[in-house]
Each structure stands twice: as structure tokens, then as C-alpha cells.
Amino acid sequence: MTTDRLGELTAAGVAVWLDDLSRVRLSSGGLDQLRQEKHVVGVTTNPTIFAKALGDATEYDWQLRDLAVRGVDIEEAVRMLTTYDVRWACDVMRPSYDASAGVDGRVSIEVDPRLAHESERTVAEAKALWWLVDRPNLFIKIPATEAGLPAITATLAEGISVNVTLIFGLDRYSQVMEAFLAGLEQARANGHDLSKIGSVASFFVSRVDTEVDKRLEKIGSDQARALRGKAAVANARLAYERYGEVFSSDRWQALADAGAHPQRPLWASTSTKNPDYRDVIYVEELIAPGTVNTMPESVIHAWADHGETRPDTITGAYDHARQVFADLDWVGVDMSDVIDTLEREGVEKFEASWNELAAGVQKSLTAARAGATG
């Protein structure tokens, strides 16, 4: 008999989401196939994913021609192309949304990453994307920068569902949960139905090991090298501990009584960057109820082939995670600096991807205009 490993993971409380989207995946029925056959109940996107999708396919050509004829600017073209795909994906995932009473079946689209340090413009962009896609199972992705925190609260207060992205550190994660609670309290005061508002907090995993391991290699001692590959899982486990504390509080209970769903921790960046590590380590070591793991398709297939679902690999390991942090400090790794570096680089990488996406669209628009006038 074939083992349904993804079904086992789902039964353990982990929602399986796909970290990818393209028009080819949509038009071929590939996304719906993953929903039906691989327990995929959500989709995340980012500028990097869209830059690759638009660069690899001809499915966008007809829309690019129309946009070229209309003479739209590059930013409108990017929004039209990406929101078209996300709207389509929302429709594909709608059965999962309905079956889960609005918890899953979500598709995320990110605000322009160049606005990461501008609160008011981030909120305006979030509202514009919400109007453009116009689907109840949409998530607007807002980065967890200092300027992003008030934008998260203000966007939720408008009744708009939010995926908070680029979370690397524990203190920032606590601020994100505070922004979520404040946003729901304002949404309730504004008369919104809290049961319709969703949120996840995307806590990045593998990038932490990449940065910490680089520093451990530089230190070079046996004690330092022995800590390679341990920081990311420890960091995420301690984040889940904080999640448990916040969502067992009286403040949260008052919102839950009003129909609110908790802001689930979402493990992002879960593909293994170091080939020496098990390819599903960031899934196996982060299994706990009420979590989301968003995976590239390669990791989904790897899990289906050889993933091992063990019941709750997080809550019994808090003391071990704290010891890992103590050991990292002892050998000379400054985790505060690691987190600051990752946040800064995360925003920079998404800005670079957005610029790459815009440049690709600009090139395609120019070619389409030439074809339309030739």
C-alpha cells in the first residue's frame, strides 16, 4: 500500500501550502491537481516567483499585447499581470477555503517591496490589491519591517486579510502578533465580521541556517561547527512557544469569542539550502498543530516520497532550542545581528526581484508595442 505522507502531515495539524505560482501551472490544471491529490490548501507568491513565471512562459503574451496597446505604465502592467494569476488561483483554491470555513484555501500577493519602509503607502497598496483581486480568500503580504507593523494593523482594521512576511526574529514576531491583535480589535470596532478576516505570520527558516552556518564556519572551532544546521529549527520552535502564549491569553480569547481565527505561524523558506542536510528537515522538525508549511513543489514531492510525520516535533523541544541559542552565544554568534542582517537582505532581495520583474515586463511591453505598430 502507498503511504499518504502528505495526508499524515495534514492530520498532524500542518496545512500544506505551495510556494509557487505561474500561469502555466494554472492553465495546465497543475495547481488544481496539487489541491486534489497532494493536500495542498494554500498558495504563496512573491516578486521572485512572478519574475521567474513571466520570464519562462508565453501564456502572458496576449495580455502583454493588450497592455501595450493601451499604453499602460510598467507598474500598472505588473499589477494587472500578477493580480490576474492570483485571482485565478483564488478561484482554484476556493473549495479548500469553503471546506475550512475560510481558514485555508488562501492565495497571497505581496505589496510592492519598495514600500517596505513606508507605512501609509503600504496600506494604500494593500487596499488597491484587495480591490483588484476581489476574492475573499486573498491574503495581502506585508513585510514585518518596523514601518510594516502599523501597516499590518491598519490593513486588518479595514477587514483585509494579511500574510505577514519576512519574519526572522523572535522579538519582531512578538510585535507582529501584537499588530495582529490590535488590527482585529480595530476591525471589530469598525464593524467588520472577524470570522472573515484571516492572517498568517511567515517565519523564515532555512535562511537563518544559511547565515548562521556561514558565521560558524568563519569561527572554525569544533564547538562552532557542531552547531551547524541547528539555529533555524531552534528559532522557529521558540517562535511557536510565543505563539502558544499569545493565543492562550484573555485578550485573544475575547477576539476568538467574537469569531476571530488565530494568526497561524507559517514556516517559510523551507527548502534545504545545504545539500548535506536532509531535504525535508524543515518540515520534519517543525510539525505542530495549527501551523502552515509553504513548500516549493520539489519539497512537496520529496515529502510525499520519504517524509516522516512524527506527532508534534516542536512543543517538547523548547529547552533544547534555548540551549542551542545559549551555545551559539557562547561560541560568538550574535543572533541579533543575524536577524538584522536577514531582514535587511530579505527586503533588498525582494526589491531586486521586483526590479527584475519590472524590467522583464518592460522588455515584453516594448516588444509587444513594436509588434502592434509594425
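The values are calculated or read from the model by the stated rules, or taken from the named source; none is laboratory data. The shown structure was predicted, so the numbers you read here are calculated from the model rather than taken from an experiment. Every residue, glycine among them, receives a Cβ derived from its backbone with ideal geometry; neighbour counts consider all protein chains shown. Each accessible area value is taken on the protein alone, full model and side chains, heavy atoms only, with ligands, DNA and RNA left out. Shrake-Rupley method; radii C 1.70, N 1.55, O 1.52, S 1.80 Å.
For residues that are over 30 Å from residue 108 (Cα atoms) and touching a residue at least 12 places away in the same chain (Cβ under 8 Å), scanning just the range 216-229, find the one that is surrounded by the fewest Cβ atoms within 10 Å (Cβ to Cβ).
So in the range 216-229, the residues over 30 Å from residue 108 (Cα atoms) come out as 216-228.
Still in the running and touching a residue at least 12 places away in the same chain (Cβ under 8 Å): 216, 219, 221, 223-224, 227-228.
Details: 216: 24, 219: 13, 221: 11, 223: 13, 224: 21, 227: 21, 228: 16.
My answer is 221.
Tell me, please, whether a residue that is of a type outside the set (Val, Ile, Thr), touching a Lys or Arg at 6+ places or on another chain (Cβ under 8 Å) and assigned to a helix (DSSP H, G or I) can be found in the range 52-60.
So far as the range 52-60 goes, yes, one or more of its residues are of a type outside the set (Val, Ile, Thr), touching a Lys or Arg at 6+ places or on another chain (Cβ under 8 Å) and assigned to a helix (DSSP H, G or I).
Looking at the range 199-215, which of its residues are outside any helix (DSSP H, G or I) and either open to solvent by 10 Å² or more (accessible area, probe 1.4 Å) or within 21 Å of residue 285 (Cβ to Cβ) (or both)? Outline the logic, then answer.
Start the filter on the range 199-215 by keeping residues that are outside any helix (DSSP H, G or I), which leaves 199-205.
Hits for the range 199-215 are 200, 201, 202, 203, 204, 205.
Given the criterion of a type in the set (A, V, I, L, M, F, W, C) and either without any contact (Cβ under 8 Å) to a residue 60 or more places away in the chain or surrounded by fewer than 21 Cβ atoms within 10 Å (Cβ to Cβ) (or both), identify the matching residue among 69, 40.
Working: 40 fails: either without any contact (Cβ under 8 Å) to a residue 60 or more places away in the chain or surrounded by fewer than 21 Cβ atoms within 10 Å (Cβ to Cβ) (or both).
Step by step, each of 69, 40 is checked, and only 69 is of a type in the set (A, V, I, L, M, F, W, C) and either without any contact (Cβ under 8 Å) to a residue 60 or more places away in the chain or surrounded by fewer than 21 Cβ atoms within 10 Å (Cβ to Cβ) (or both).
Among the residues that make up the range 337-355, is at least one of them under 30 Å from residue 73 (Cα atoms), polar (S, T, N, Q) and part of a helix (DSSP H, G or I)?
Yes, the range 337-355 has at least one match.
From (1) modelled with pLDDT of 95 or more; (2) open to solvent by less than 10 Å² (accessible area, probe 1.4 Å), pick out the condition that doesn't hold for residue 116.
(1)
Give the residue, chosen from 127, 214, 141, that is more than 25 Å from residue 81 (Cα to Cα) and either under 17 Å from the mean Cα position of the chain (by Cα) or modelled with pLDDT of 95 or more (or both). First the steps, then the outcome.
Values: 127 fails: more than 25 Å from residue 81 (Cα to Cα); 141 fails: more than 25 Å from residue 81 (Cα to Cα).
The unique qualifying residue is 214.
Hey, residue 63 hits all of (1) of a type outside the set (Gly, Ala, Ser); (2) in contact with a strand residue (DSSP E or B) (Cβ under 7 Å, 6 or more places away or on another chain); (3) assigned to a helix (DSSP H, G or I) but one; which does it fall short on?
Here residue 63 clears every test but (2).
Run residue 346 past the list (1) open to solvent by 20 Å² or more (accessible area, probe 1.4 Å); (2) over 26 Å from residue 30 (Cβ atoms) and report the number of the one that doesn't hold.
(1)
Tally the residues that are under 17 Å from residue 103 (Cα atoms) and either assigned to a loop (DSSP other than H, G, I, E, B) or open to solvent by 10 Å² or more (accessible area, probe 1.4 Å) (or both), restricting the search to the range 16-35.
The number of residues fulfilling the criteria is 1.
Test residue 35 against the stated conditions and say whether it is more than 28 Å from residue 347 (Cβ to Cβ) and at pLDDT below 95.
no
With 309, 291 as the choices, which residue is in contact with a strand residue (DSSP E or B) (Cβ under 6 Å, 6 or more places away or on another chain) and buried (at least 17 other Cβ atoms within 10 Å of the Cβ)?
Every option except 291 fails the conditions.
Out of (1) in a strand (DSSP E or B); (2) under 14 Å from residue 366 (Cβ atoms); (3) small (Gly, Ala, Ser), what's the single condition that is false for residue 68?
Checking residue 68 against (1) in a strand (DSSP E or B); (2) under 14 Å from residue 366 (Cβ atoms); (3) small (Gly, Ala, Ser), the one that fails is (1).
Show the residue pairs that are 6+ apart or on different chains and have beta-carbon atoms under 6 Å apart, the first residue being within the range 156-176 and under 17 Å from residue 109 (Cα atoms), the second being charged (D, E, K, R).
Matching pairs, first to second residue: 163/141; 165/141.
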